[in-house]
Amino acid sequence: ITRDVVLRYGDAMTTLPGGLPLKEQMLQGLLANLDRLAAEAGDDPVWLADLAAAYARLAEVQGNDTGLSVNKQAEAVKNADRAIALAERAWPQRRGDARFVDAYAEALQVRAQTQRAAGQPAQGIGLLERAVNLLDQALPLQQGAERRALRLRRGAVLITHAQFHDQQSIPSLDLPEKALALYARSEAELLALDAEQADLETGNLLASLYAGRAITHGRLSNLARARADAEQALRYRQRAVAAEPGNVAWRDRLVNDATNAGVILLRAGEPGPALQAT
């Protein structure tokens, strides 16, 4: 019961003022209880899966370098490694548990991000490929909402994977063509999901995809494609802001995407539309 309450309401408070540090404290309190109880459970895969999920969530709060976090990289490394070690033990028996699989992939994704934050994106690539492989194995075992959740996670991991190959402001491998191929894989997944159900999570992932790909096209001087992607990013981000006008995180991302669109339009020699975009 405590686990479900902390995860549900912890996520709800993420974008509230002061909510992220409080969410971190809630997760730390949850883990203190789970660790104590798990000591009695031994190698019970259900307990291992629950612990892995909680450690993964805490690592994400502490070390997500492209979203909201409290920016505690050392703690994020420790907790992501703990989540991955627990998940490896639980995997053979729990691969059919969608929530566990999502958490396992989340831990691998965050650990890869900590490698990038340390200026070592190449070391994170293997972790992202491992996350996609795990999701591919688990997806045939899922149906309905659980299957959708794992497909969303796969789309998100592929976006991160693309950004590891090419990104403007964060260390990357400077391989834009590889990045474009990964963006295309994520786009196919996410557009199919958006056609089934146009929710906020899918729309924001698509916005991040198009914003990132616009930057890659811009670096390759493919300005027409960059402009098209930048405009798509704005459309999806505006959809999120319209749905939740008070969400500061969505508005902040909309500002970033509008700024990127303005830069691309200026490079294309269109100062009027650039001013309008920003």
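Observations on the structure shown:
- Scanning region 78-110 for residues that are open to solvent by 50 Å² or more (accessible area, probe 1.4 Å) and not in a loop (DSSP other than H, G, I, E, B) gives 78, 81, 82, 88, 89, 92, 93, 94, 99.
- Which listed residue, of 228, 179, 195, is hydrophobic (A, V, I, L, M, F, W, C) and in contact (Cβ under 8 Å) with a residue 24 or more places away in the chain: 179
- Scope region 240-278; condition charged (D, E, K, R) and crowded, with 20+ Cβ neighbours inside 10 Å; matching residues: 253, 257
The values are calculated or read from the model by the stated rules, or taken from the named source; none is laboratory data. Every value quoted in this text rests on a predicted model; they were computed, and no experiment measured them. Here Cβ is always computed from backbone atoms with ideal geometry, including for glycine, and neighbour counts include all displayed protein chains. The protein model used for the area step is the full one, side chains on, heavy atoms only, and it has no ligands, DNA or RNA in it. Shrake-Rupley method; radii C 1.70, N 1.55, O 1.52, S 1.80 Å.
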